[in-house]
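Just so it is clear, none of the values below were taken in a lab; they were calculated from the coordinates. This structure is a prediction, so every number in the text was calculated from the model and none was measured. Cβ coordinates were reconstructed from backbone atoms using ideal geometry, including for glycine residues, and neighbour counts include every protein chain displayed.
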2 protein chains.
Amino acid sequence: MATRTYDSSLPPLPSTDFDPGLPRAHPPSTSQTSDPDCPFCHISSVFPPYNPASPPPSTSPLLNPALTAPQPSTFLVLSTPHLVAFLDIMPLSLGHILLCPRPHRPKLTDVTPAESAELGRYLRVLSAAVVKATGVGDWNVVQNNGAAAAQVVPHMHFHVIPRPELRDQRSERFTATMFGRGQRDELDEGEAEGLAERVRRAVAEVLRADEEGGWKL
Amino acid sequence: MATRTYDSSLPPLPSTDFDPGLPRAHPPSTSQTSDPDCPFCHISSVFPPYNPASPPPSTSPLLNPALTAPQPSTFLVLSTPHLVAFLDIMPLSLGHILLCPRPHRPKLTDVTPAESAELGRYLRVLSAAVVKATGVGDWNVVQNNGAAAAQVVPHMHFHVIPRPELRDQRSERFTATMFGRGQRDELDEGEAEGLAERVRRAVAEVLRADEEGGWKL
């Protein structure tokens, strides 16, 4: 059967920077790649990339949470040429982070093929890092597209949300607020600084372990 | 600053089949790559890969939904050497699909780096295909890890869930059932066959458009 002879190789990713002319799955909702009113574009614009396998110390001005002032402080956990990730300012649990592409992409179908692969790669790395940094082994990954799906900021982002074992009542509230309803707590900025540093260090550990081939299946 | 000179190239994916010795982010919950009791391993084992840019006709025995008998019928929408995707048998909405790696990987941190990139790549393609096939432009992507996060089948999977505009009461129920509580409807098998075919065709269209560079940013 012809299907049996289908080439099983994975498509190569571009080895250089993204070609901005890469094809799109979908007509773009907007043709701009940076939106002056978008808080996530603002975060992308003020934090330069760093090597995630060797992050700067938390005292570095490159990680200064106040760089996004007068907007809320930003506690960065990842900054690559293509992606940024940071603590959610209204976390559902300790360690709740967001991962998004640097350019302004309203929905998942607006990212380039190469960006989608890079998002997938770092979802795994950040999940492992959040588990290490929080000690919580269960978590949800959520990504909402459009108002009917409870998307609030129209710059696509994945949520990684640790799920500590909660007593029933808090668990009900947790589910109810997962899609934007109900009350969420504001980020404790004192706690956030140490937490973000633990996540950045854990990202570096995961990337180095991947590089070194530490675990085998 | 050193961070400014960080190499911005994307890491290459392996160009051949996955090396089973690829490093892991996390000690594996299980060392086996196929679990005889896992329904998703069963689906992976009975459906061979096909070229997603040129899927077989729905009359092909390769797509026979009854291949998974005596387990529930499976309506395949994607089958590559590394991934399978199919209609959820208890959909939250029309077009609710699941995407998972072929090998048995309990959580997102159990997939290989190459698999995680491939999952990211096809999340975008399948999202665009589900939008095309259902005409519903808003959707959620959800992936649950562990019992506290409402994971039911311990073989990691992404949900892609269209979110049609619903009246308030149904919308409340929708959110409540998103994480496994409450009632979900069983898949209508008559409807499912045509729907799965529309999604497979839409996947092929998206991949061909990507290949041809149809849209520019």
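Table for the structure above
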{"read-out": "Peptide A:133-142 - average C-beta neighbours from other chains (10 Å radius)", "value": "6"}
{"read-out": "Nearest-to-axis residue of chain A, judged by beta-carbon position, where the axis maps A onto B, in Å", "value": "A:120, 1"}
{"read-out": "Integer Hz, Karplus 6.51/-1.76/1.60 couplings in order for segment A:80-88, x for Gly and Pro", "value": "10, x, 10, 9, 10, 9, 7, 5, 5"}
{"read-out": "Shielding by partners, peptide B:145-157 (average Cβ within 10 angstrom, other chains)", "value": "4"}
{"read-out": "Projected label distance in nm at residue A:201 and residue A:165, using a 7 Å step from Cα toward the beta-carbon", "value": "2.7"}
{"read-out": "Shortest-first nm distances, residue B:81 label point to equivalent points in other copies (7 Å, Cα→Cβ)", "value": "2.7"}
{"read-out": "Positive-end extreme of charge dipole, segment B:36-212 - chosen from B:123, B:72, B:60 (charges on Cβ)", "value": "B:123"}
{"read-out": "Whole-Å distance, taken between Cα centres, linking segment B:129-157 and segment B:55-98", "value": "15"}
